[in-house]
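Below: the structure, in structure tokens.
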Amino acid sequence: MTRLTGTVLRLTVYVGENDTWHHRPLYSEIVHRAHAAGLAGASVFRGVEGFGATSVVHTSRLLSLSEDLPVAVVVVDTEERVRAFLPELDGLAREGLVLLDRCEAVGHLHREEPR
């Protein structure tokens, strides 16, 4: 396993929870493509409230009963590898937001294999 330290690039893709790609959740498709590309890591975070281009506020509060909450897919690796992955996102979503920002990785923690 390669330790990821130093300057890295963080890719964050904001989509709706109900967005799909060929009957599969879009966030799942992005994670699986990142995994297949050999990127260092990807995680999905479900928002409890938010709005996007439509200006409709989606919330997890019981009275609103929103079913299309915001989801953030975060992928981290070296800048070269993340930028090479960007074409994988082309054509996946009809709407959403893609952000890139440089970060400093100070450690890449993982569990040791059980003995």
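The values are calculated or read from the model by the stated rules, or taken from the named source; none is laboratory data. The structure displayed is predicted, hence computed values, not measured ones. Side chains included, ligands, DNA and RNA excluded: accessible areas come from the protein's heavy atoms. Shrake-Rupley method; radii C 1.70, N 1.55, O 1.52, S 1.80 Å.
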Per residue of region 92-104, what does 6.51 cos²θ - 1.76 cosθ + 1.60 with θ = phi - 60° give for ³J(HN,Hα)? Whole Hz please, x for Gly and Pro, Karplus curve as stated.
6, 10, 7, 8, x, 9, 10, 10, 10, 8, 7, 9, 10
Please work out how much accessible surface Phe45 shows to a 1.4 Å probe, ignoring ligands, DNA and RNA, in Å² rounded to 10.
120
Heavy atoms of the protein only, probe of 1.4 Å, neighbouring chains included. What is the accessible area of Thr78 in Å², nearest 10?
50
Taking amide H positions as placed 1.01 Å from N in the peptide plane, with prolines and chain starts having none, which residues 5 or more places from Gly47, or on another chain, fall under 5 Å of its amide H?
Val71, Ala72
